[in-house]
Amino acid sequence: MYWNGFIKCLDGYEEFFPLEPHKSVFVREMMPVKPEGGLQKRAWVYLYNGKVPGSSRIPSGDYRHRLSPRQNRHAPGPETHSRPGSN
């Protein structure tokens, strides 16, 4: 069961404790995701389990849409990522 070992490793890294979510730094939930230009799928995501003072939820869910055009040029996104050695 490769997947179970992999997800347990990620849970440890993200400090998610499935039996004690109230003690977790992040919680893991299955949510719909839609890669840019792709079809919607469901994926495990880690969500911060605390409060962030002075912040508000981003209605679109896309941080890049909240940035000014100047900031957006430098925001990480699928189009800015490259594989090692591909430059």
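Please determine, by comparing only the residues of segment 33-78 that are hydrophobic (A, V, I, L, M, F, W, C) and assigned to a loop (DSSP other than H, G, I, E, B), which one is modelled with the highest pLDDT.
Within segment 33-78, the subset hydrophobic (A, V, I, L, M, F, W, C) is 33, 39, 43-45, 47, 52, 58, 67, 75.
Now drop any that are not assigned to a loop (DSSP other than H, G, I, E, B), which leaves 39, 52, 58, 67, 75.
Values: LEU39: 92, VAL52: 85, ILE58: 81, LEU67: 71, ALA75: 53.
Here the residue is LEU39.
Mind listing whichever residues of segment 1-32 are assigned to a strand (DSSP E or B) and basic (Lys, Arg)? Spell out how you get there, then give the answer.
Start the filter on segment 1-32 by keeping residues that are assigned to a strand (DSSP E or B), which leaves 26-32.
If the condition is that a residue be assigned to a strand (DSSP E or B) and basic (Lys, Arg), then ARG28 is the only one that fits.
Scan segment 48-69 and report the pairs whose first residue is free of Cβ contacts under 8 Å to residues at least 12 places away in the same chain and whose second residue is among the aliphatic types (A, V, I, L, M) and surrounded by 12 or more Cβ atoms within 10 Å (Cβ to Cβ), with Cβ atoms within less than 7 Å and a gap of 6+ or a chain change.
LEU67/ALA75
Need the failing condition index for GLY12 against (1) farther than 28 Å from ARG64 by Cβ; (2) surrounded by fewer than 10 Cβ atoms within 10 Å (Cβ to Cβ), just the number.
Status for GLY12: all satisfied but (2).
Are there any pairs, at least 6 apart or on different chains, whose C-beta atoms fall under 8 Å, with the first in segment 2-30 and within 11 Å of TYR48 (Cα to Cα) and without any contact (Cβ under 8 Å) to a residue 24 or more places away in the chain and the second exposed (fewer than 14 other Cβ atoms within 10 Å of the Cβ) and of a type in the set (Ser, Thr, Tyr), and if so, which?
Sorted first by the residue in segment 2-30, then by its partner, the pairs are PHE26/TYR48.
The values are calculated or read from the model by the stated rules, or taken from the named source; none is laboratory data. All values derive from a computational prediction rather than experimental measurement. Please note: Cβ atoms are built from the backbone with ideal geometry, for glycine as well, and neighbour counts cover all protein chains shown.
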